[in-house]
Structure formats: structure tokens, C-alpha cells
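**Student:** Before anything else, here's the structure in question.
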Amino acid sequence: MRPLALLALCASTVAAAEPPSFTKDVAPILFENCMSCHREGEAAPFPLTSYSEAKKRGALISAVTEARYMPPWHAAPADVRYRDERRLSEEQIGTLKAWVEAGMPEGDPGRLPAPPEFAEGWQLGEPDLVVRMPEAFEVPAEGPDLYRSFAIPLPAGGDRWVRAIEFRPSARGASHHALFFADPSGEALEADSADGGPGFAGMRELRRSERGGGLGGWAVGGAPQMLPDGLARPLPAGSALVVQMHFHPSGKIEREQASLGLYFAPEAPQRTLTGVQTPPLFGRLAGIDIPAGESRYVVKDSFELPIAVDAYGVGGHAHYLCSEMKMTATLPGGEVKTLLWIDRWDFAWQERYYFREPLRLPAGTVLETELIYDNSAANPANPHRPPRHVAWGRGSEDEMGSVSLEVLAAKESELAELRAAQRRQIRQAIANRFLSAISGGSR
Amino acid sequence: MKRVALRIALGLAFAALTAMAGEVVRLTDIDGVDHGRLDSAPGRATAVFFILSDCPISNQLAPEINRICTDYSGRGVRCYLAYVDPEVSADGIRRHQRDFSYDCCTPLHDASRALTEAAGATITPEAAIFSPTGELLYRGRINDLYAGLGKKRREPTEHDVRRALDEILAGKAVSRPRTQAIGCYVPPKEL
């Protein structure tokens, strides 16, 4: 070894032995990975923007990052990279821990990096349309998580195409996530006025999303994004905007009257964003039937793509008992790619994960989904105590489950073929259910 | 009987320890009003809830802390809320009390950590129940609403503080005198 290299090596081992300091090592991690939520006016309960703010919660910071509870991110590493991935490396987690163990030294204040800048107001610029929930909804101080939908009438106009919806909740501490739907039927507005108080209970809007009509969603800390490549989602003329919200009681009564900024595409998109869900219909035909106490109930389904598609994102849906979900793609050559793996499913985080680059999946690719449910008493999320038999249903205490891939047909002209294959899959599933029922299988 | 003897022995040992340390823990509220010594208290038990105004789990339990203190106040249980944030001001505490409708009990600012140390509390929210002579009868979670960080049950299934208070009021030994609280760590005393 050359003397100079040796010297450099010595210097680096000395540096490694020195405990991490706030300004040099910890602040860059917090600024980049935590501050988007942990700053004044944002969703997280306290800021993590200065030395004293971090020192005050040092042990907790180390505990929550080591447990991978923070930053909130539920997808395990897969064979694709996601946009806005919030995941600390083992090394970063180790740095935070070593800093706490070393007594949380500040280090040289001169080394403190400049904190990132965040835009004020609408993150995507001035929206084309701003709407607000007509009335505030009072979130109770405590109790189980709450789901409620709100129908917001929209000003008249023709068919519109939505590129993005930016969501601004007013009850930052209690609002956890929201899903948006277009409802051209008028049913949602009726349900909203029929149910006493603002909004209406339950999750019935999912039914609509089974037929399309989804306009995306928002989750705590999520940055709004424009759909790429001129894509947009349809908002038919005369639709109401339905916002289904998940609330997390915070210990005090909070009032939610969210504002939404809508961004429209100037014209109908050339290509159609569509979903491939396995199992289809949120698992309605998958025979989900989970015995009380069963700790590992597995549902599997697969779908062969009849055409080549470009996949943009992936997301899962299930209720409280689900513990794990996975979607893989087996390419015609035999290569298997994991597209989504949530190894600790948490009902509170119904997120969608967008790929950094669209992923081309050739015709003949087989999508396989595996969902695992834990209906034992050891699952703290189990809504039933003692556990009860649970089957498919729309209520949050029933179960459902599927993983859906958001895709574009590689050739728009082939889209009909994809849709036909999806209808065949549903017919086949109905036939299977019927056969298993007459042969005395599961209910 | 044996158990009672053991408890008395432990209690004496505890009293001796505090006496050795020469630490007299007094309960002084945020207005400077002295509520007396922890080790010569009136009533049947003193319950102290260690909280932080910006800890979400601590805040989520505010309604239940309020109810516990209201339910047991007529039965000889005195309740205190001990704020453990070294930086919180008296006004900050008053604001937090209003925001979370805390009307159950007297707030204290345990800036010196005397009370936190007497209880051995390390988490918020965490409860400590002392006998009138200052013996620590229970320390730990309020209930099991949280099974871990980020693991919330729909409803608690174990109500540890209520059970401990019921046992104390019935003249029994506390069956589970220590439980693990889930929440935010008590911050360092100096920042």
C-alpha cells in the first residue's frame, strides 16, 4: 500500500470512531427525511428542525426509526423503485442511534446545513378549481378510527379531466388519509343530505371505485403529484366530488373542513389509465372466509396480461385483519419481479406507490397476488375480541383484499383486449365460486 | 398475609431509601400552590399521570385520564398531571389543559424531575400510584390501547390503572404492580 493511501485510511478510521454530531450527521437526515412533516403547521405533532427540538426527543427518534415506524413508509424494498420513497438506510438508522448513545452532542454549529425550503400555499401552483367541504365535520376526541364520506357539489361544466387533486385538511392532527371519487349519479349528494350532519358514514364509495371513478388520494405527509405524460382521470359532466376520509381521533375534538385544489388537463388524454386488480372486485369472488383464531389465512390470485402494458403505480386495499400483501410479475422469460410487498400491512395507510419510471410488462406477464390475514387474538388490529369468523364484506369489520396495478396499454388500440380478459377473469371466478358452492366447499 | 407483610417490608425499604436520599418530594402546582408531601398524603392513594403536551399517544389518552380521575376522586384518590417537558411554560400548560378539556386534576410542572424519579417514570403517558406514605404501588401504562408504537387497538382490553385503583381501594395488593407503558420517552432534563 502506498503511504498516502495508508494515511487516508488512518484518517478515515479515526473519523469513523468519532461519535456522530447533530450538525454534521443528524441534521442532514432529519432535514431530508422528517422535516416535510415535522415542521410548523404540518401533520406531525412536533417540529424536528433544530438541535434542541431533536435532542428533546432523541431517544424516541432512535426508537421509532429503528422500529421503522418513522418515517411512515409501508412498502418493503421491491424490485422496482418508488417515487418519493421514505425509507432510511440501515446506516442512517445506526447514525441516529449512535448519536443518542453518545449523549446527543451538537457539534460545530458552523456545519449545520441549510434547512430545505418548502413552498407556501398550493404546492402545485394555482389550481383550476378550488372547492371546500360545505360544512365542517366534528371529529370526536376519542374512539376507534372513523371513516366518513363527504359529497361536494361542483360548478356546472362539461366533462373534465383531472391531472391532480391537492388536498388541504383543516384538522391536521386527526385527518389521516382521503380518497377522491367522481360521482355522476347524484347518489352521494343524496346520501350526504339524508345522513344527519355533514357527510355520510361508511365506505360505500368503494363500490363506485370498483366501476372506476377514482380520482386518486391523499395521505398524511404525501406530496401532491400531477399525473405524468399528459394523463388524466375522467370527471364526467354533472359529477359531485366525493371525499372519503379516514380520521384518527387525537384526544381533543377537531373540526375538518378540507379544501381541495383541482388541476385539469386542457383536453381528453390520448391514453387511458386503467387498473388491473387481482383478485378483482376487491376479492369479492375470492372466497375470503377466515376462521376465528386463524393466524395465517392466505388468499392467492393471478392474472395473465393479454397485452403489453406500462405500469405506473401499485396499491393495495384490505381491512384490519390483513397482515401482509404482495404482488409479483412473472415475465414471459421466467424472471420474477416483486412490484409491491407490504410485510406489515396497516389499515391506516391505504397508499399508492408510484414507480420512478413506468415499467413495461410484456404480453404474457403473469401478475400474482398473495394476501395474508391474521384473525388471531394476537393481532392487535383485530376488531373482534375474542376473534370471530370473518368473510368478505364492505364493512370495515368484514374483510376484503386486492392489489391493483395502474397501467396504460402499450398500444391504446389494444385496451379493449385487456378489458375483455378482465371480464373473462371475473366470469371464471363466478363459475368457480358456484362450483365450490355446489360441491359443498366453502360457503 | 405473607404478601401484605412483603408489601409492608418493601414499603419500609422504599421509605428508607427516600429518607436516605434525603429527598422530600412535594407536590407544587403551576401556580406555586403547595399540595403537601408525597409521603404524607391525605386520602387513600395519589395517582400521578406523566404527560407531554406534544406526544400524540399521551394526548389520545387525555379523555380516559380525565374519566379515571373523575371516577375515583370521590373515593379518596387524588390525581395530578405531571408535565415532564423541561421547556413548557405555565401558560403552555394552561393552553394544553383547555385544548384537551383536562378538567380533572391539578397540573404540575415536574421540571426538577423529583416526581418522575420517585415514580421511575420514563414514558409519557405513564401512570404512578402512590400510597399515602409515598410507597409506589403501581407504575406503567394507563391501559393497553397501544400494543406498540404505531400499533393501536380499536379499543383497550386491559384497564391497568383502573384495576390497580380498584384493588387498592378494596385493600388488596396490586396484582400487576408494573406494566410497560407505550408512548414518548421522558425528554432529558436539560436541553
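**Student:** Note down the net charge around A:Leu405, summing +1 for each Lys or Arg and -1 for each Asp or Glu among other residues with Cβ under 11 Å from its Cβ.
**Tutor:** Within the 11 Å Cβ shell, the charges total -1.
**Student:** Rounded to the nearest 20 Debye, what is the dipole magnitude of the protein assembly as shown about its Cα centre when Lys and Arg each give +1 and Asp and Glu each give -1 at the C-beta?
**Tutor:** 1560 debye
**Student:** Return the calculated 222 nm mean residue ellipticity for the protein assembly as shown, to the nearest 500 deg cm²/dmol, obtained by summing -39500 (n - 2.57) across DSSP H runs with n ≥ 4 and dividing by the residue count.
**Tutor:** After summing the helix terms and dividing by the residues of the protein assembly as shown, the value is -7000 deg cm²/dmol.
**Student:** Quick one: which residues, 5+ away or cross-chain, put their amide H under 5 Å from the amide H of A:Leu129? H built at 1.01 Å from N.
**Tutor:** For A:Leu129, whose amide H was placed from the backbone, the distant partners under 5 Å are A:Leu262.
**Student:** Which entries in A:Lys252/A:Lys326; A:Lys326/B:Lys152; A:Lys252/B:Lys151 show an alpha-carbon gap greater than 30 Å?
**Tutor:** Too far apart for the 30 Å limit: A:Lys252/A:Lys326.
**Student:** If amide H atoms are built 1.01 Å from N in the plane of the peptide, which residues on other chains or at least 5 residues away come under 5 Å of the amide H of B:Ile51?
**Tutor:** Correct list: B:Ala82, B:Tyr83, B:Val84.
**Student:** For the protein assembly as shown, build the charge dipole from Cβ charges (+1 Lys, Arg; -1 Asp, Glu) around the Cα centre, then report which of A:Pro234, A:Ile288, A:Ala164 sits farthest towards its positive end.
**Tutor:** Highest projection toward the positive end goes to A:Ile288.
**Student:** Dividing the Cα convex hull volume of region A:13-111 by residue count, how many Å³ per residue is that?
**Tutor:** Hull volume over Cα atoms, normalised by residue count, gives 117 Å³.
**Student:** If amide hydrogens are placed 1.01 Å from N in the peptide plane, which non-local residues have theirs closer than 5 Å to the one on A:Leu215?
**Tutor:** Hits under the 5 Å cutoff: A:Phe180, A:Phe181, A:Ala182.
**Student:** Let me understand the protein assembly as shown better: what is its radius of gyration from the alpha carbons, and its Dmax, in angstrom?
**Tutor:** That works out to 27.9, 86 Å for Rg and Dmax.
**Student:** Taking every DSSP beta bridge that has both residues in the protein assembly as shown, what percent is antiparallel when rounded to the nearest 5?
**Tutor:** Given both bridge residues lie in the protein assembly as shown, the antiparallel proportion sits at roughly 90 percent.
**Student:** Once Lys and Arg get +1 and Asp and Glu get -1 on their Cβ, which of B:Val161, B:Val33, B:Gly171 lies farthest toward the positive end of the dipole of region B:2-185?
**Tutor:** Ranked along the dipole, the leading option is B:Gly171.
**Student:** Using the Cα centre of region A:13-111 as the reference point, and only Cβ charges (+1 on K/R, -1 on D/E), how large is the resulting charge dipole? Debye, rounded to the nearest 20.
**Tutor:** 180 debye
**Student:** Extent of region A:286-443 along each principal axis, from alpha carbon coordinates, in Å, largest to smallest?
**Tutor:** 51, 40, 28
**Student:** Net charge near A:Ser323, counting Lys/Arg +1 and Asp/Glu -1 over other residues with Cβ under 10 Å of its Cβ?
**Tutor:** -2
**Student:** Sorted from largest down, what three extents in whole angstroms do the Cα atoms of region A:119-160 have along their principal axes?
**Tutor:** 40, 30, 15
**Student:** Step through the residues of region B:32-45 one at a time and calculate ³J(HN,Hα) from phi using the Karplus curve (6.51 cos²θ - 1.76 cosθ + 1.60, θ = phi - 60°), rounding each to whole Hz and writing x for Gly and Pro.
**Tutor:** Values, residue by residue: x, 7, 8, 9, x, 8, 5, 9, 8, 9, x, x, 9, 6 Hz.
Laboratory data are not the source of any read-out in this text; all were calculated from the coordinates shown. Computed from a prediction, not measured in an experiment: that's the story for all the values here. Cβ sites come from the backbone with ideal geometry, for glycine too, and all protein chains shown count toward neighbours.
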